[in-house]
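Let me begin by presenting the structure, written as structure tokens, before commenting on it.
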Amino acid sequence: MQNVRDKIEDARRTIQSVFKPVPRVGIILGTGLGGLAGQIEERVTIPYSDIPHFPESTVESHAGQLVCGTLRGVPVVAMEGRFHFYEGYSMQEVTFPVRVMKALGVEILLITNAAGGMNPHFELADLVVIEDHINLMGDNPLRGRNDDALGPRFPDMSQPYDKRLMALARRSALELGIPSHLGVFIAIAGPNLETRAEYRMLRGMGADLVGMSTVPEVIVAVHAGLRVLGFSIVTDVCLPDALEPANIKQILEVAARGGERLAQLIPHVLERLDHA
Ligand code: HPA
């Protein structure tokens, strides 16, 4: 079996054969949040199926391509569509693109998702800067033999989300007149949404947001030494005593609204990276 470092190298070489700049920021766009990719300039688009060892994305709302280019002058690679654990991929497959971003030269991972809002102060389409997370997925992408060339055996998780980037994001939101919150994100495996009893439990555990992604990629990003900035868009309000049946169509509509806010905010943040 091919060593994971060789696989990362294969993917890196393929991407660099068509995109020469060294990307500074890697972006992962969550469900319904792909709008930002349209703003990337001097772009080269690579379908995941053309990148060696990339799994293929199976969710319809995800485009499944890597968009490389510049955003406000910053070289970026953006994943339009991510791989979810609930689709049946292993944690290593879900996080492989983060390894490839690191190999390409990325320093900062900017990661987004659609999430259920459990904090009663959150409203539909609200933007939340992720300040911390809880891994309740029942698996871990770092399980197994550690490759010390990729990162340490026991990575520190005392501050997975970069404080200066969080502050820059909140300041930028304020400047743009976009309301924002800070919140703790809890990841569950999915694919079903939660029962009332589960929402009550997750809230009691200290989480403001719940979703089916992000935490595996962030764990690998921290392992790889990347600075991380995470955003959730609240696509459904998950208050156990006032729970409405989930409506996936509505979740995607709300994600699109929140996605417009992210599409405004992220370029503003990138323009000011040197102040973080
Ligand atoms: N639960 C889990 N994942 C989600 C939710 C939710 O309520 N909303 C959007 N993604």
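Express the carbon and sulfur contribution to the solvent-accessible surface of the chain as a percent, rounded to the nearest whole number, probe 1.4 angstrom. Ligands and nucleic acids excluded, carbon and sulfur give 50 percent.
When N counts the residues of the chain, how does its alpha-carbon radius of gyration compare numerically with 2.2 N^0.38 Å, as a ratio? Present the calculation step by step, with values, prior to reporting the outcome.
Details: Rg = 17.5 Å, N = 276, 2.2 N^0.38 = 18.6 Å.
In units of the 2.2 N^0.38 Å rule of thumb, it is 0.94.
Convex hull over the alpha-carbon atoms of segment 109-243: what's its volume per residue in Å³?
Details: hull volume 13.6 nm³, N = 135.
Enclosed volume per residue, from the Cα hull, is 101 Å³.
Evaluated on segment 163-270, the Kirkwood hydrodynamic radius is 15.5 Å, with distances taken between all distinct Cα atoms. Would you kindly calculate the translational diffusion coefficient of segment 217-276, applying Stokes-Einstein with the Kirkwood radius from alpha carbon pairs, for 10 °C and a viscosity of 1.306 mPa s, and quote it in µm² s⁻¹ without decimals? Rounded to a whole number, D works out at 111 µm²/s. Only helices enter this figure: runs of n ≥ 4 DSSP H residues, each worth -39500 (n - 2.57), summed and divided by the residues of the chain, yield -10000 deg cm²/dmol at 222 nm to the nearest 500. Compactness of segment 77-139, taken as the C-alpha radius of gyration over 2.2 N^0.38 Å, stands at 1.33.
So between R257 and D139, what do we pick up on full extension, going 0.36 nm a residue minus the alpha carbon distance? Please report the intermediate quantities before stating the final value.
On the way: separation 118, 0.36 × 118 = 42.48 nm, distance 3.18 nm.
Length gained, R257 through D139: 39.3 nm.
About the centre of its Cα atoms, the chain shows a dipole size close to 620 debye [charges on the beta carbon of Lys, Arg (+1) and Asp, Glu (-1) only; nearest 20 debye].
If you restrict to DSSP beta bridges whose two residues both lie in segment 4-275, what percentage is antiparallel, to the nearest 5? Please list the in-between numbers first.
Values: 17 of 47 bridges.
In segment 4-275, DSSP labels about 35 percent of beta bridges as antiparallel.
Of the options V77, L209, A224, report the single residue whose Cα projects farthest towards the positive end of the charge dipole of the chain (beta-carbon charges: Lys, Arg +1; Asp, Glu -1). So the residue we want is A224.
Solvent-accessible surface (1.4 Å probe) assigned to H121 amounts to roughly 140 Å². Projecting the Cα atoms of A149, N247, T14 onto the dipole axis of segment 4-275, where Lys and Arg carry +1 and Asp and Glu carry -1 at the beta carbon, places A149 farthest toward the positive end. A straight Cα-to-Cα reach below 25 Å connects K20 with the lysines K7, K102, residues fewer than 8 places away in its own chain not being considered. Reported to the nearest whole Å, the Cα centre-to-centre distance from segment 66-101 to segment 1-50 is 7. Rolling a 1.4 Å probe across all protein chains gives K102 an accessible area of roughly 90 Å². I need the fraction of alpha carbon pairs in segment 1-107 separated by more than 22 Å, rounded to a whole percent. It works out to 24 percent of all Cα pairs. Given a 10 angstrom Cα cut-off, can you work out which residue in S172, S213, S158 is the most mobile in a GNM of the chain? For the chain, modelled as a Gaussian network with Cα springs under 10 Å, the answer is S158. The heavy atoms of H268 offer some 20 square angstrom of accessible surface to a 1.4 angstrom probe.
The values are calculated or read from the model by the stated rules, or taken from the named source; none is laboratory data. If you're wondering where the values come from, they're calculated on a predicted model, not measured in any experiment. Neighbour counts are summed over all protein chains in view; Cβ atoms, including those assigned to glycine, are modelled from backbone coordinates with ideal geometry. The accessibility values were calculated without ligands, DNA or RNA, using every heavy atom of the protein model including side chains. Shrake-Rupley method; radii C 1.70, N 1.55, O 1.52, S 1.80 Å.
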